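A quick write-up on the structure given underneath.
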Amino acid sequence: MDTLEATQFPDTGKIQNSFFKERIFPFCGAARREVMIGPEYGVDISLVSLPNGLAMAMTSDPLSLIPTLGLRESAWLSVQLMANDMATTGFAPQYAQFTLNLPTTLEVDDFEQYWRYIHEFCARLGIAITGGHTGRFEGLQSTVAGGGTMITLAPGEQIITSKGARPGDILIMTKQCALIATSILALSFPETVKKGCGAAVQQQAASLFYETSAVEAGLIAGEIHRHTFAVTAMHDVTEGGVLGAIIELAHASGCGVEVNGDNIPVGHAQQLIGKLFNIDPRFCVGAGSMIITVKPEILEPLLKKFASQKIQATVIGKITEPANGLILSEDGTQKKLQHPGADPYWNAFFQALQLGWK
């Protein structure tokens, strides 16, 4: 059996590196000289060179429409997850395009509410909606309602990507693990979480939902970078969690990494809900957290700036030489850091639905 036959779709969630390299990356249309960064595993944005030293950054993501969560919350995810990706450049998103593939069961009033929330959240971030496509289609019963793209124009030399980490850089994580996974589970299955973890934990976890923006952290790092050129890479924490994001950043930068697992902030609610749903929060979708690598000389100024804005930031490791590989140190031992494959959140969510958890 050859490699292509052996590499299959994951059961759920985002594809992994081997599938991308073998089945997607070789087939990317025409080669154009102005494409500085095209499709790459672990890279949040694409980059196209423009005249006068400018570059165009672009990022795309699925749109959420999750009935158990709500219309406002679904719209928040649809806008914020793409905005988080763009914030890894150090710049805010400017333009957005949305393609809405909607189920025929969605009523007009519900669509109007959903779209007005999309408008509201884009307006707050200064994003102009410049186009897209909208339709309703039979057979669509997914929590994914299409896809979107965000675009930003900025000086090319000032744009940060996940490709720039170098040995000796310090690895920083903002906020905590599994903010979005934990909050969605608490909001979608409140009675289950209350019964298994207590009402206080359910309320605490639910309150994490609107902590899932990484835009402010990205813009703070970007501002410091424009004065120092010492923020080397950023990658937001999505599917695969904080450990998955670190693995992707290391692959994108072509470096090794040593992660201090004991320092990774998980949070009380995330720990308890993780046990209830049998998932490791460190590998669960964690929108709102940002992985940042910096040169040692700006570590303290950056941490002080985050603290002044009440953004939790924790040093969790360092970037190493490629030959050192990916290492996770915890509980006094070291082991190879490996990606678990599909994000465990997806199975946890859909199994709970199938079991009728409330």
Legend entry - For segment 197-354, accessible area per residue (1.4 Å probe, heavy atoms of protein chains only), Å²: 42 Å²
Legend entry - Low-density loop positions, trypsin sites (Lys or Arg not before Pro), segment 270-310 - DSSP coil, at most 10 other Cβ in 10 Å: 310
Inset, instruction - Could you state the accessible area per residue of segment 89-136 in Å², with a 1.4 Å probe and every protein chain left in place? - result: 55 Å²
Legend entry - segment 97-188: GluC sites (Glu not before Pro) in DSSP loop, at most 13 other beta carbons within 10 Å: 107, 138
Inset, instruction - Just the number, please: percent antiparallel of the DSSP beta bridges in the chain, rounded to the nearest 5. - result: 75 percent
Legend entry - Point-charge dipole on Cβ atoms (K/R +1, D/E -1) for the chain, about Cα centre, debye to 20: 440 debye
Inset, instruction - Give me the percent of the accessible area of the chain that comes from carbon and sulfur atoms, probe 1.4 Å, all protein chains in place. - result: 53 percent
Inset, instruction - Would you compute the Debye intensity of the chain from its alpha-carbon atoms alone, equal scatterers and no solvent, and pass along log10 I(q)/I(0) at q = 0.10, 0.15, 0.16 Å⁻¹ to two decimals? - result: -0.61, -1.45, -1.62
Inset, instruction - Quick one: dipole size for segment 183-339, taken about the Cα centre, charges +1 on Lys/Arg Cβ and -1 on Asp/Glu Cβ, in debye to the nearest 20. - result: 220 debye
Legend entry - Helix-only mean residue ellipticity at 222 nm for the chain, each DSSP H run of n ≥ 4 adding -39500 (n - 2.57), per residue, nearest 500: -10000 deg cm²/dmol
Inset, instruction - Express the C-alpha Rg of segment 58-134 as a ratio against the empirical globular expectation 2.2 N^0.38 Å, rounded to two decimals. - result: 1.07
Inset, instruction - Measure out, as a whole number of angstrom, how far apart the alpha-carbon centroids of segment 36-71 and segment 133-193 sit. - result: 10 Å
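The values are calculated or read from the model by the stated rules, or taken from the named source; none is laboratory data. What you are looking at is a predicted structure, and each value in this text was computed from that prediction instead of being measured. Using ideal geometry, Cβ is built from the backbone for each residue, glycine included, and neighbour counts are taken over all protein chains shown. Areas reflect the complete protein model, heavy atoms only, side chains present, ligands, DNA and RNA absent. Shrake-Rupley method; radii C 1.70, N 1.55, O 1.52, S 1.80 Å.
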